[in-house]
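The values are calculated or read from the model by the stated rules, or taken from the named source; none is laboratory data. The structure displayed is predicted, hence computed values, not measured ones. Please note: Cβ atoms are built from the backbone with ideal geometry, for glycine as well, and neighbour counts cover all protein chains shown. Remember, those area values only see protein heavy atoms, side chains included, never the ligands or the DNA or RNA. Shrake-Rupley method; radii C 1.70, N 1.55, O 1.52, S 1.80 Å.
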Amino acid sequence: MFLAPSVMALRYLGKRRTLVTRSMMTQPDEDCKEEELLRQDLKFYFMNPCEKYRARRQIPWKLGLQILKIVMVTTQLILFGLSNQLVVSFKEENMVAFKHLFLKNYSGVDEDDYSCSVYTQQDVYDSIFFAINQYRQLKNISLGTLGYEQDEEDLAGLQICKKQYRKGTMLPSNDTLHIDSTIETECIQLDPQELATKETSDLKNSSFFSFEFYRLIQVDISFKLKGIDLQTIHDRELPDCYEFENTITFNNRAHSGKMKIFFDTDADIQECKDWNISGSIQKNTQYLLVFDGFVIVSCIASLILCTRSIILALKLQKRFVKFFLEKYKRHVCSADRLEFLNGWYVLVIISDMMTIIGSIMKMEIKAKNLTSYDVCSILLGTSTLFVWVGVIRYLGYFQTYNVLILTMQASLPKVLRFCCCAGMIYLGYTFCGWIVLGPYHEKFEDLNTVAECLFSLVNGDDMFATFAQIQQKSTLVWLFSRLYLYSFISLFIYMILSLFIALITDAYDTIKVNDTIKKYQQIGAPVTDLYEFLKDCDSEEYSREPQTSLSFCCCRRQKNDDHMILIN
C-alpha cells in the first residue's frame, strides 16, 4: 500500500514536532535536576558533622581524629616539657655555680643587670687573678661534671683581652685632658698546661697586667668548659653533652669609680661523641619514639583529610560559580567565594605540619642526633595551641557555646580600628617618657622597658613604685613626671580601656539571648546570593532514613531550626 507524498510529509512533520517538544521538555528537567543536586551538595557541605551523619550516615572521621590528636599532642607536649625542664634547670644551676666559682666575693644575688662591682684598683687585680686561679684548679674544686674544652690539637685555654685608649694624659685637678680616642685591643692566651707551671706572681709581674685605669675601658676573660648532664639518667633518658662559653667582663667605660663585673654564659647542647649506657634507658627511649611515630601518623591522616576537604570545597565553589554564570549571567561575589574556604581547616593543616616537623625533631633529640630544643619547643607549643583553638569550631555548632565565637566575629573589626587609634596615643606617651624620664627613672631607660612599664600601668600594676622611684634631682622633671603619669593613667584606664570593654560588651549584648542569636544568624547575616540559593532547599530531603539509636545526642536538632544555615 503506497501513501501519497503529502501524507508522508505531514506524518514526518508531526513526528519531528513531537521530538522537538520532548527535547524542549527534557532540557528544563535536566537543568532543574542539576540545580537541585548542586543545592543539595551545597547544603550538605555547610552542615556540621552531626547533621552530615543524620543526612547521609557519613561518619565524622575528622572530628574523631581531632579529639584523638588533642590527647596525643598534649601528652607529647607534656613529656617533652618535662624533659626540657631538666635542660633549663641544668643550664641555670651551672650559671649560678660558675658565678660562685669565678667571681670573688659573689653574694649570690646580681646587682641590677650585672653580677657585682669593685671600687679599688687592688680589687680589680684580685678579681682577675682569682678567676685565673679558679680556672687553673677547676677539676679539684668543682662539684660538677666539668672539664676543659679540647680542640683538634690540644686543650683550649683561657683568653684575656683588654681594651684601652691609645694614649693620653689626665689631670682632673687642673681640668686637663689629652687623650687619643682610638681604642686598642691586646690579648693573651693561657692554656691549662701553662697555668699549671706558672705561679700567680709571675702573671702579676707581666706588663700586660699593668693597667692605666684612666685609659682602661674593658677587660674580658673568656674560656670554654665541657659538661655532661647526668640527671636525665634518673628519668630514664639519655644524657646530654654541653659546651659552656663563659665571659667575665670588667666594664670601666663610665670611668666613674665603679667597675661593673658581668658574667655571661652561653650553653650549647652538643652530641655526645662516644657513650655506652646499659640498663632500661634504651627501652624507655624506644617507647617514646614509637609514641611520637603514632602522633606523626595521626597528624598525616588529619592533614590528608583536611586537604581533601579543601580541594572538594574548591571544586564545589567552581561548580557554583559556573552554574550562577550560566543561569543568571552574573559573577558570584567575593564574599560568597570565601565561604568555601574553611579557615578552620587551614588552621588544622598548619598545626599538623608543625606537629609533624616538631615530632621528627623531638625523635632526633631523644636519639641524641639533634640538639635544637628551642626550635622544637616553638613548633610543638604553637601546634598544641592551634589544636586546642581548633576545638572551638566544634563547640560553635551548639548555640549555648557559640556566644564566644559570635562575639569575637562581631567585635573584632571595631576593636582593631579602635586599637589603631589608641596605639598612636600609646606610642606618643612611650617616646615622650623615654626621652624625658629616661635619665631619672630606671623603668624609662629604653623604649622596650618604657612600653612594658606603661602596659603594666594600664592594667593597674606597680603604680606606686613607678611614682616613688622617680629621682627628685630636678624639680621641673619631677613635676613633669606627675603630669605625665596622672594624664596617662586617667586617659587609658578611665577612658580608652573603658571604651575598649564597651565595644566588646556591645557586641555581646546583641547576641546574648538565644532568640537574639537566631536573629543574628538569620537577619544579621548579610543576605548574599549563596544564602538565597540555599534557602529553597529543604533539609528534610537528607533524612530519608529513620532515626536510630546510633544517633548521637548532639546530633538531634529541632525541625524549626532547619531554616538556619551555618556558614564558615
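Here is a list: 99, 62, 69. Which entry is assigned to a helix (DSSP H, G or I), under 19 Å from residue 393 (Cα atoms), basic (Lys, Arg) and open to solvent by less than 30 Å² (accessible area, probe 1.4 Å)?
Values: 99 fails: under 19 Å from residue 393 (Cα atoms); 62 fails: open to solvent by less than 30 Å² (accessible area, probe 1.4 Å).
Going through 99, 62, 69 in turn, just one is assigned to a helix (DSSP H, G or I), under 19 Å from residue 393 (Cα atoms), basic (Lys, Arg) and open to solvent by less than 30 Å² (accessible area, probe 1.4 Å): 69.
List pairs: first residue in the stretch 425-448 and open to solvent by less than 50 Å² (accessible area, probe 1.4 Å), second residue acidic (Asp, Glu) anywhere in the structure, Cβ distance under 7 angstrom, at least six positions apart or on different chains.
438/445
In the stretch 232-290, how many are at pLDDT below 75, outside any loop (DSSP other than H, G, I, E, B) and either farther than 21 Å from residue 90 by Cβ or of a type in the set (S, T, N, Q) (or both)?
5
Enumerate the strands (runs of 3 or more DSSP E) found wholly within the stretch 116-175, keeping only those where 3 or more residues are open to solvent by 70 Å² or more (accessible area, probe 1.4 Å).
Counting at least 3 such residues, we get 168-171.
Looking for something over 15 Å from residue 212 (Cβ atoms), in contact (Cβ under 8 Å) with a residue 60 or more places away in the chain and over 41 Å from the mean Cα position of the chain (by Cα) - is there at least one such residue anywhere in the stretch 160-169?
Within the stretch 160-169, none of the residues are over 15 Å from residue 212 (Cβ atoms), in contact (Cβ under 8 Å) with a residue 60 or more places away in the chain and over 41 Å from the mean Cα position of the chain (by Cα).
Could you give me the residue pairs with C-beta distances under 9 Å whose first residue belongs to the stretch 465-488 and is open to solvent by 80 Å² or more (accessible area, probe 1.4 Å), whose second residue is assigned to a helix (DSSP H, G or I) and of a type in the set (A, V, I, L, M, F, W, C) wherever it lies, and which are 6+ apart or on separate chains?
That search, which allows pairs on different chains as well, returns 472/478.
Of the residues 337, 330, which single one is free of Cβ contacts under 8 Å to residues at least 24 places away in the same chain, open to solvent by 60 Å² or more (accessible area, probe 1.4 Å) and part of a helix (DSSP H, G or I)?
The conditions single out 337.
Report the residue count in the stretch 403-445 for those that are outside any helix (DSSP H, G or I) and in contact with a helix residue (DSSP H, G or I) (Cβ under 7 Å, 6 or more places away or on another chain).
1
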